[in-house]
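Contents: one structure, followed by commentary.
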Amino acid sequence: MQLTTKALMLVGVASFVMGMVVRKEFGSGDTNEAPCPVISRPPPPSHSSPPPPPPPKVKASPDPSPEANRKNEENTKTHEPWNHPDDVVMGLARYEHDFSASPSWPDAMKMFVGTLRHVGYKGRIVMFVHPLMTSDSPPANLLATKKYLLSKNVEIIGVETAPCQFPFKPVDIHQEIRKLCSADYPMLQLEWARFAIGRDWLKKNPTTGWSLMTDVRDTFFQRTPFADLGPPTGNQTFVYEEYYGDPTRTIATGKKIGIDTSHWFAKMATKCYGKDNYEAYKGKPMLCSGQILGTGTGSVKMLDGYIDEMRANGKKNPTCVPPELPDQTLVFTEIKIIFKTSPPA
């Protein structure tokens, strides 16, 4: 399956990307647009110089043919920003108590939802939250956030958790997202279960629009997320690269600006899958598991395979589940499994 790339202004992710991300598109051609021309302002006219001659008269072209008009109309439609009520953006934000890091989770949720609505997004926003938030009388620390989300027409769905049920003892971790499992998927910690929860929602709520499953706490929007995509068709699915960088540009320490799969986050796959698997994608652009975008059916197809691999790993050993194998690390192996192809070059 051919992979093509396109620069796409979509979301700002605080860790590595600030607005500009690169998409890997499965199953469509290259749609790169020409760069905008640079327009310079002419110098002011000199009063001592004679006025410039008038421009030559140009004979008007004949009216374009009906076929030319039709193509012009098609081109215009192709470039209209896509923003439809059937689109859906979803994320897991299952917080009961605030955390010490900045921003606080109420502020993070307001940044996520507020910027998405501010740019004019018309579609559905689905947030998977702590079940106490969905109750009739949520505690005070959740009530204000609940009111804010509902005022922005956000659908909130409670996520129940349960102790994880592995045939081994996982590495001790105190982060709730890696310590607790989903009640529906007792072999998937929340870090991974969010993909199954989102997949299940898409199956119960088929959409004819675009679907974006994304991180929440470190994400904000600078434009409507599907503006450049046009109408969704078939099983299109996209994954995203981190900024790969320019080897000639370095920071003060001499380290290259950007990130690739030589990062320790990708090397963690060697513990579960072995060194040979890592060597297949070493030194390539880092793919981000924080954003998965596609049509409704395309997203479900990709997530089905992703979740099958996660559930299989839950039967192996502690090196094959978080925190030893984060979702970021797993995405490369998942690409090979689902699309039967080598990782992107």
Filter result for VAL159 (within 17 Å of the chain's Cα centre (by Cα), under 27 Å from GLY123 (Cα atoms) and either modelled with pLDDT of 95 or more or of a type outside the set (S, T, N, Q) (or both)) = no
In the list ASP98, ASP136, ASP172, which residue meets the criterion of being open to solvent by 70 Å² or more (accessible area, probe 1.4 Å), modelled with pLDDT of 90 or more, out of contact with any strand residue (DSSP E or B) (no Cβ under 8 Å at 6 or more places or on another chain) and acidic (Asp, Glu)?
-> ASP136
Can you name the number of the only condition in (1) part of a loop (DSSP other than H, G, I, E, B); (2) surrounded by 18 or more Cβ atoms within 10 Å (Cβ to Cβ); (3) not aliphatic (A, V, I, L, M) that TYR244 fails?
-> (2)
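Take the residues in segment 203-219 that are open to solvent by less than 10 Å² (accessible area, probe 1.4 Å) and not β-branched (Val, Ile, Thr); name whichever of them is farthest from the chain's Cα centre (by Cα).
GLY209
Right, VAL119: at pLDDT 90 or above and in contact with a Ser or Thr (Cβ under 8 Å, 6 or more places away or on another chain) or not? Outline the logic, then answer.
On the way: at pLDDT 90 or above: yes; in contact with a Ser or Thr (Cβ under 8 Å, 6 or more places away or on another chain): yes.
For VAL119, the condition - at pLDDT 90 or above and in contact with a Ser or Thr (Cβ under 8 Å, 6 or more places away or on another chain) - is met.
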Per the list (1) small (Gly, Ala, Ser); (2) open to solvent by 10 Å² or more (accessible area, probe 1.4 Å); (3) under 20 Å from LEU180 (Cβ atoms), residue check on SER289 breaks on (2)
Looking at GLU242, GLU279, which one is among the charged types (D, E, K, R) and in contact (Cβ under 8 Å) with a residue 40 or more places away in the chain?
-> GLU242
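In segment 269-281, which residue that is more than 22 Å from the chain's Cα centre (by Cα) and part of a loop (DSSP other than H, G, I, E, B) is surrounded by the most Cβ atoms within 10 Å (Cβ to Cβ)?
ALA280
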Among the residues of segment 310-329, which ones are at pLDDT 85 or above, in a helix (DSSP H, G or I) and surrounded by 18 or more Cβ atoms within 10 Å (Cβ to Cβ)?
-> MET310, ASN313, CYS320
What are the residues in segment 226-241 that are of a type in the set (Ser, Thr, Tyr) and either open to solvent by 20 Å² or more (accessible area, probe 1.4 Å) or part of a loop (DSSP other than H, G, I, E, B) (or both), if any?
-> THR233
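The values are calculated or read from the model by the stated rules, or taken from the named source; none is laboratory data. No experiment lies behind these values; they were computed from the predicted model shown. Neighbour counts are summed over all protein chains in view; Cβ atoms, including those assigned to glycine, are modelled from backbone coordinates with ideal geometry. These area figures cover heavy atoms from the full protein model, side chains too; ligands, DNA and RNA do not enter into them. Shrake-Rupley method; radii C 1.70, N 1.55, O 1.52, S 1.80 Å.
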